[in-house]
Structures are given as C-alpha cells and as structure tokens.
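The values are calculated or read from the model by the stated rules, or taken from the named source; none is laboratory data. These numbers were taken from a predicted model, which means no experiment stands behind them. Glycine gets a Cβ as well: all are built from the backbone with ideal geometry, and neighbour counts include every protein chain shown.
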Amino acid sequence: MSREPPRGPGRGRRFPVLTVALFLSALAPWAMMLRQEARAEEAPTAAPPPTVASGALATTPPAEPQRSASHDAVQPRWGHLERLSVRLEPPTGDISADVCSAMPSWREASPAGVDRTVAAAGLDDAGRRAFAEGVRCGPGGCDVAPSLDFLAKLGRQQRSGLYEAVLASPADASFPIFRRRAIDADLWTRHAGLAPATIQAVDELSFPRGDLVFLADLPLLCSRIPSLADRARLLAALGRTPAIVVRLRLDASSDLEGLVGYWGGGRRDADVRALIGSLARVPGGASIDVTHLLPPMPRERLYTYARGSGQPAYDCHWSSLNFQADRPDDRLVDERAVRAAIAADYAEVETRSPALGDVLLFTSADGAVLHSAVHVVEHVVFTKNGHGSLNPWVLSTRSEVSAIYFRTAKIRVFRRR
C-alpha cells in the first residue's frame, strides 16, 4: 500500500495543483504535434537552343524546401494549396500482351562500346561467348540483342552492369524499362494481387542504380508467369506512376485579383475569375482541383493514358510545347520540330520562381536535354515521363522528375515569347 505524503500547512492545496501542472506539461508536446499535423495539409512552398535527346534518362538533387504556412498567413500569389499523393495504375484492358515479348535490344556505337558493356557486366568466358551470340556489328555500329537463356543466368550485379549504357540513354532501347524510387519499395507489389512467386521473381530480376530500382527483363519475367491474367496484373502494377492531386483552397479572404493574375492568362481570365469568385463566396470556403484552372490540353489529359492505335508517340516534349496550345501540334513528336519551336517561340529566363506555363528542360552536365515538363505551381510540374502507353500525363514534383531522370544536372526555364 502506498504511503500518503505527510501534510504540512497548506500542502493539501498545493499538491493537486502540482499534479495538474505535471499532467498538462506532459500533454504539451502531444498538443503541439497535433497542431502541426492539422496545419501540414496546406504548405505553400524558381544560351543557344539546346540539343534535344528526347526520352533519355548525377545523383538525385536534394529535395526542394517546403515552407509551412496556415491559411491565415500571407497568401502566396497562387493561393493556398492542398495536396494528395496517388499512384496511377493503367487499366489491365489497355495493356497489350505483346509487351511481354519485347526482348531487350539496343545499339552500341562501336565494338568498343560492346567491350565496355561486357566489362561492366563482369562476365566470365562462358558469359562472354553467350553474349557475343546476340551481337551483330557493321559499319554503323553494333546491334545488341541478348538471348533469354543468357539473361536468365545473370546475377543482380551483372544485370545492372549489362544495362548501364542503356539506362544512360534509354531512347536507344526498343524495349520497356520500368523504374521506381528505392524509397518507394512497394510501388510494384502493394495491393497488386500478385502471387508470392511473382513478387519473388520481380525482386530477383530488378536491380538498383543510385536512388532508383530498375526492371528491364520483362520477357524473362513473363516467361515465369504462365497465366495471362496474372501477367496483366503484373504489367498494371509495373506501370504504376506516382502522382499528386493539387487543390486550391479559397474563401472570403482570398486575393481574387492575385489568383486571376496567376491562374488566368489572356482569354482564360474571365473564366478563371468566374470560377474562383463563385468558390470564394461559398460559406466557410471551398477547394477546387487545379486541373480545372489549366489550359484545355493538360485539363483534358491529366491522369489519363494515351489510347488508340495509329496515334503519334506522345512524349514529354510534345506535352510540354503543346501545354498552352488551343490545337496541339503533332509535328512536335519530331526532334527537329521541337528544336525549331524552342528556338522560334521561347526565350530562356533566369528565375527561381517560374510562372504557370513555363517549360522546364532537365539537362545533363554536357547540356543534353533529358526531359521536359511544364511548371504549374510551386515545385509542381505537368509531365509525361516517357512516350509509351503505360506513361500517363500527371502532376509531379521537380525533385521526383529529377530523380527519375537521374543524370539531371540543371533545370533550365524557357518562357513563351
């Protein structure tokens, strides 16, 4: 039995007060944490025409700083934002079974390039002979097409070395290469309905490169999954794309003129003013997906996949340069047309605070353009990471895109003249 502390003069009144004080002091950190979590929903957070090497994939740039703010803080020019992270997955009915038969193949500029690939893969004599059976060299370079049997015998490090040159310039590859960030470890498997054997096979055939994980041997993986339904589920899971949904929060205190100035533009000013004005008058305020504030092309395509046969190979450059176009120009799937459009219609600007619609070119240390995207708001961009039908149009972050195109050394900002 615990002993009651002795009572002195006045002690009977002070002891409960002290107890309450200690109790409240213990709660204080939790109260602060809860307050911070409640406020974390809204966090507002910048030469000659380049040579375009479209589709090409350094270390990952540091994550961009985010500034915390509440709705009663000074309003940024774009308004107060809310974000939701999602993972888009292509419908299984949109995935062709032919994807599984696209064998890895690429082109090396010379036999010396083939020798570097063999050295990077660390092949023994038997492996070198097996690899050589899939190499055909001519005056214009060497075509490399490893056999399924050869690929099946590779270890993880050998697989990584084999594809080193391909990952540096995937535009030269004629087969699908799936990639995810290492920190997003369950992107391909979580809630995908995959059998344990399939999950194990995915792990065995994937390999790390820097902050990313790649899977390049899809035909080999499919050969271990006899069920067509299981293959479709696997392809849908591999095609998952991280994205964000961004909402603009408005209420009676919102700076409507400032918001129209940022989200509008020419003929869209009146429509944007009418929409955000009506939302600001809602009692207690309201939120709207910023998709509704974008020009017609991105508004129509965001969070969708390119469908239908006979369509152009819509890639990042087509998507970026058509962002503000009333009628998209399909000539912009051609590299020469992209270079000409940038030279004629855009000027590079030095700014740490891009405007809505500015085109961002993700460039390597040697100046080659690896990717393009369009600035939307804060560090959020409109992007299509690849030209395939498994690559949707999404909103992402600059740091996420830079991680995917891991040779990015600089982001150049171009503004329409």
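Quick notes on this one:
- Yes/no for SER320 being modelled with pLDDT of 95 or more, closer than 15 Å to SER372 by Cα and small (Gly, Ala, Ser): yes
- Qualifying residue in region 400-411 (condition: within 19 Å of the chain's Cα centre (by Cα) and within 14 Å of PRO298 (Cα to Cα)): no
- Search result, residues across region 364-392 that are surrounded by fewer than 23 Cβ atoms within 10 Å (Cβ to Cβ) and outside any loop (DSSP other than H, G, I, E, B): VAL380
- Here ARG327 fits the description: over 25 Å from GLY367 (Cβ atoms) and of a type in the set (Lys, Arg).
- Among the residues of region 244-274, those that are of a type outside the set (Gly, Ala, Ser) and under 20 Å from ARG83 (Cβ atoms) comprise ILE244, VAL245, VAL246, ARG247, LEU248, ARG249, LEU250, ASP251, LEU259, TYR262, TRP263.
- Here the condition is being among the aromatic types (Phe, Trp, Tyr), modelled with pLDDT under 95 and in contact with a strand residue (DSSP E or B) (Cβ under 7 Å, 6 or more places away or on another chain); of TYR346, TYR405, it holds for TYR405 alone.
- Residue among SER287, SER253 that is farther than 20 Å from ARG415 by Cα, in contact with a Gly (Cβ under 9 Å, 6 or more places away or on another chain), assigned by TED's automatic domain parsing to the domain that holds SER389 and not in a helix (DSSP H, G or I): SER253
- Boolean, LEU234 is in contact with an Asp or Glu (Cβ under 6 Å, 6 or more places away or on another chain) and under 30 Å from ALA168 (Cβ atoms): no
- Number of positions in region 85-103 that are at pLDDT below 85 and surrounded by fewer than 17 Cβ atoms within 10 Å (Cβ to Cβ): 7
- Exactly one residue out of LEU228, LEU250, LEU256 is among the aliphatic types (A, V, I, L, M) and crowded, with 20+ Cβ neighbours inside 10 Å, and it is LEU250.
- Against the test of being under 26 Å from ILE95 (Cβ atoms), at pLDDT 95 or above and either touching a Cys at 6+ places or on another chain (Cβ under 6 Å) or not polar (S, T, N, Q) (or both), the options LEU205, LEU212 yield a single qualifying residue, LEU205.
- In region 140-207, counting only helices (runs of 4 or more DSSP H) that sit wholly within it, the ones holding 1 or more residues that are closer than 23 Å to SER402 by Cα and touching a helix residue (DSSP H, G or I) at 6+ places or on another chain (Cβ under 6 Å) span 156-162, 164-168.
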